[in-house]
Number of protein chains: 2
Amino acid sequence: MESVTNQSIFEEIASIVGKENAFLLDVDKLKYGHDETEDYSFMPDLVVKPHTPEQISNILKKCNEHLIPVTPRGGGTGLSGGALPTKNGVVISMERFNNILSIDELNLQATVEPGVITEVFQNAVKEKGLFYPPDPSSKGTCFLGGNLAENAGGPKAVKYGVTRDYVINMEVVLPSGEIIWTGANVLKNSTGYNLTQLMCGSEGTLGIVTKIVFKLRPFPKKDVTLLAPFTSNEEACRAIAAIFKAGVSPSGMEFMERDAIEKTQKYLLEHMGQKVNIELPDNIKAHLLIELDGNDDEVLMNEAEVILNVLEDFDTGEILFADNQSRKDELWKLRRNVSPAVNAYSLTKAEDVVVPRGNLPALIVFIKEVGAKYGFNSVCYGHAGDGNLHINIMKENLSDAYWNNEVNEGIREIFEEVVALGGTLSGEHGIGIAKRPYMQMALGDVNLNLMRGIKKVFDPNGILNPDKIF
Amino acid sequence: MESVTNQSIFEEIASIVGKENAFLLDVDKLKYGHDETEDYSFMPDLVVKPHTPEQISNILKKCNEHLIPVTPRGGGTGLSGGALPTKNGVVISMERFNNILSIDELNLQATVEPGVITEVFQNAVKEKGLFYPPDPSSKGTCFLGGNLAENAGGPKAVKYGVTRDYVINMEVVLPSGEIIWTGANVLKNSTGYNLTQLMCGSEGTLGIVTKIVFKLRPFPKKDVTLLAPFTSNEEACRAIAAIFKAGVSPSGMEFMERDAIEKTQKYLLEHMGQKVNIELPDNIKAHLLIELDGNDDEVLMNEAEVILNVLEDFDTGEILFADNQSRKDELWKLRRNVSPAVNAYSLTKAEDVVVPRGNLPALIVFIKEVGAKYGFNSVCYGHAGDGNLHINIMKENLSDAYWNNEVNEGIREIFEEVVALGGTLSGEHGIGIAKRPYMQMALGDVNLNLMRGIKKVFDPNGILNPDKIF
């Protein structure tokens, strides 16, 4: 690569977006060098904030000509380092692409720019009685474009699917500067290779998305929330598969081990002054937070009844039925704050493994065994209805050397078990730089070479988001 | 390409599967040279019926070495010519890959070989209370592998999605002979590029699928079917968007114009001796066949009520409520037989366009205008709830020359309008060879070059299913 310290090229690129949207000083660039992944930090040479696809096209042409690395960036909430400028160069912040361009009530579709905050979009469509289900815990700050890049999920995915299940078309600027639409604004499409699905989850390595067309659903009118305590992690995880087997399709099926709840209660009290009352008798080791939604109270009550019947065969504590909105909000706020809470009390490595849900009980036993073997604590929680478990491994008072070496050996053992159980490395956070060392274990050389080949078709000079995925 | 008449190479390939599974005589190969697309027919040099991935691997290695074209073939029900050996060479018939390998009731997943007939699979999972929704009209003879290759849909897609929404992993033999799994057996996956979704709908041009893992759903316990007659095609199509806008999600929303019903009634009577009574007063020009499903009779009745209320604003005839299984079966049999019926009375060109469903009324008016301009009749029907319209253009007594030239100009005009309406060429039949001439109009050079680049990554010598898509 050509030297990326060439000041005159960066000034040319800056002129594409105007001085007020280009940043060369460290003090301005600092926050664009990290996200929410461990303590990674890299300093870009230049940060630009374009606001049209044509500006991005011109930036990419210039960077391609001079072989300057380009890292696209959304809300900066990533958990795998997908938006980090590991090779410095230019960070393209998408924050000015923040318009909802249309909400088409006739066709239940919306066209948005990728810098729209997920929750802002959800609220806008909800006002029209419509529903955009993907809702990562960071929904209040993450961008739809980042959700697309990592194929984000969230608690509703168990019933309604992940980001890729809602995107039907997108406008993309390729590294060559060419601007394409990947598909059409239709609900089904068998017209050539599925470029839309190839882009979704490609972590900004193939092109920069500048418009997204999502399909929407009618907003479900009713919901109920249950909190079920269990005497062991395995027992809770076994109950999940049993509930699905009974024919119920919950709109939320979240697992939280005891530690997750205790740390989050403490965090909410200390950081937000909010007390969430949940009884935690000594014998209770894990909880399932279960939501049902639909349009009919009676149907929901019948489904809740089915779940309660299933749970009679398990070793549970008293099941809490959240019967008013403020109690529901409180429980979901607790769940959404597990990640920040765990991170508030220790540096962590956040894993995002996924297995067939029937294999969760075996996995969770294995994780704790590995923790015991290597001497680390972990907090497990997540979208267990999908088989998607977040494992936050705590540094606490481990030495830096141990954290950076032995602990990674333990993580490798966990990933090996995940793959042996029919699962894979990431359910919704992506690979980024954090999981890259483990990719070969999950996919093997032939798959990785296919992916590298695809990368080369889109980005022959490898300027776009280098070092990510493989 | 090397001469493909080299008898000794074909004999070597034949020896991989054994003589009883290799066919060199025209009389045996004839049926592998055509499918259900117009009157296309091509003669392969060799037809083989392997039954293990390793056999396919060895065949592909040999063909790659000698640059012999290979065409994988499923049930032979394709409507775009995706399985036709246009360059002769070897046809690999997947008919011996016909085992359902496992139905995992704990994880609601099944692993199948691609030569399993779709309806056989549906029935097998239904016996366990599970549901595999994609059901193309040809479900009684088509293969799951073919459904995967073309990303097939069917009437349930409007509520439950198409084939791609159910496939989570597959085993694929690459043209190099290497055997990979594309993903993992999980419900969500953000682990590298989505090779599973790239393979799905790639029409057998990237690899040969030898195992498929599908996710399943609980089987809905109840359904109701309505048949609503309208005084015009546009009125019926307008009603579709209105029904969805009212917040109902039907599990079937099929459009049939009057001609489709009349021809199918005649066909069923003449070919199957079955009389389907549907009143067709002179003022009735189109019907919607609407299905609702779920687990609760009362909810279904409420939803049917919502639909009836919506339809009060439209110009309808008397709405038929199918209140017993045999009447429902009869109506769906009618719908499933529109395609064979239309084809029984004339050579046709079958288009499979898809638009945002709110644009269907404009499209259908346009199609009839083009027909009037070019002097051809068309029968329109299909999965209109998805915006997916099948247009069967009838040759009847048009001359061969006119059929092969002027009529294609008319089709081009229809496709241009489809793209202008935000739609695309194929919703569920694929591009194959039949729609290939129109791809540039729908996608443009940049997209097509990306697809060609991807093809080259998987199949550098271009041996696999040549001439398809682009």
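Structure data summary
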quantity: Members of region A:13-58 that are over 29 Å from A:V112 (Cα atoms) and in a helix (DSSP H, G or I); calculated: A:D26, A:V27
quantity: Matching option when the condition is crowded, with 19+ Cβ neighbours inside 10 Å and within 30 Å of B:N169 (Cα to Cα), among A:V342, A:V353; calculated: A:V353
quantity: Selection count where residues are within 10 Å of another protein chain (Cβ to nearest Cβ) and part of a helix (DSSP H, G or I), scope region A:148-167; calculated: 7
quantity: Given (1) among the hydrophobic types (A, V, I, L, M, F, W, C); (2) farther than 21 Å from B:H390 by Cα; (3) touching a strand residue (DSSP E or B) at 6+ places or on another chain (Cβ under 6 Å); (4) not in a helix (DSSP H, G or I), number of the condition B:L300 does not satisfy; calculated: (4)
quantity: Answer from A:E351, A:E369, A:E396 - the residue that is of a type outside the set (S, T, N, Q), assigned to a loop (DSSP other than H, G, I, E, B) and out of contact with any Phe, Trp or Tyr (no Cβ under 6 Å at 6 or more places or on another chain); calculated: A:E396
quantity: Output for region A:375-394, where each listed residue is of a type outside the set (D, E) and within 14 Å of chain B (Cβ to nearest Cβ); calculated: A:G382, A:H383, A:A384, A:G385, A:G387, A:N388, A:L389, A:H390
quantity: Complete set of residues in region A:399-431 that are aromatic (F, W, Y) and either touching a Phe, Trp or Tyr at 6+ places or on another chain (Cβ under 8 Å) or without any contact (Cβ under 8 Å) to a residue 40 or more places away in the chain (or both); calculated: A:Y402, A:F415
quantity: Top-ranked residue in region B:308-348 [being outside any helix (DSSP H, G or I) and of a type in the set (G, A, S); ranked as farthest from B:N404 (Cα to Cα)]; calculated: B:A322
quantity: Residues of region B:99-113 classified as touching a residue at least 12 places away in the same chain (Cβ under 8 Å) and not in a loop (DSSP other than H, G, I, E, B), total; calculated: 7
quantity: Selected residue (criterion: farthest from the other protein chains (Cβ to nearest Cβ)) from residues of region A:398-434 that are more than 30 Å from A:K139 (Cα to Cα) and of a type in the set (S, T, Y); calculated: A:S399
quantity: Single residue of A:L389, A:L363 found to be in the same structural domain as A:V353 (by TED's automatic domain parsing), crowded, with 16+ Cβ neighbours inside 10 Å and within 20 Å of A:A341 (Cα to Cα); calculated: A:L389
quantity: Single condition B:G140 does not satisfy, out of (1) more than 12 Å from chain A (Cβ to nearest Cβ); (2) buried (at least 24 other Cβ atoms within 10 Å of the Cβ); calculated: (2)
quantity: Residue in region B:130-141 that is modelled with pLDDT of 95 or more and more than 22 Å from B:S339 (Cβ to Cβ) present; calculated: yes
quantity: Hits in region B:293-331 - residues which are surrounded by 19 or more Cβ atoms within 10 Å (Cβ to Cβ) and within 15 Å of B:F255 (Cα to Cα); calculated: B:L311, B:T316, B:L331
quantity: Subset tally (residues that are in a strand (DSSP E or B) and of a type in the set (S, T, Y)) for region A:71-98; calculated: 2
quantity: Residue in region A:435-456 that is at the interface with chain B (Cβ under 10 Å from one of its Cβ atoms), surrounded by 20 or more Cβ atoms within 10 Å (Cβ to Cβ), under 16 Å from A:L79 (Cβ atoms) and not acidic (D, E) present; calculated: yes
quantity: Matching strands (runs of 3 or more DSSP E) fully within region B:168-257 where at least 3 residues are in contact with a strand residue (DSSP E or B) (Cβ under 9 Å, 6 or more places away or on another chain) and within 12 Å of another protein chain (Cβ to nearest Cβ); calculated: B:179-181
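Condition check ((1) more than 14 Å from chain A (Cβ to nearest Cβ); (2) touching a His at 6+ places or on another chain (Cβ under 9 Å); (3) within 19 Å of B:K222 (Cα to Cα); (4) at pLDDT 95 or above) across all residues:
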site: B:N295; (1), (2), (3), (4): no, no, yes, no
site: B:N302; (1), (2), (3), (4): no, no, yes, no
site: B:E312; (1), (2), (3), (4): yes, no, no, yes
site: B:P340; (1), (2), (3), (4): yes, yes, no, no
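The values are calculated or read from the model by the stated rules, or taken from the named source; none is laboratory data. A quick note: this is a predicted structure, and the numbers were derived from the prediction, not measured. Glycine gets a Cβ as well: all are built from the backbone with ideal geometry, and neighbour counts include every protein chain shown.
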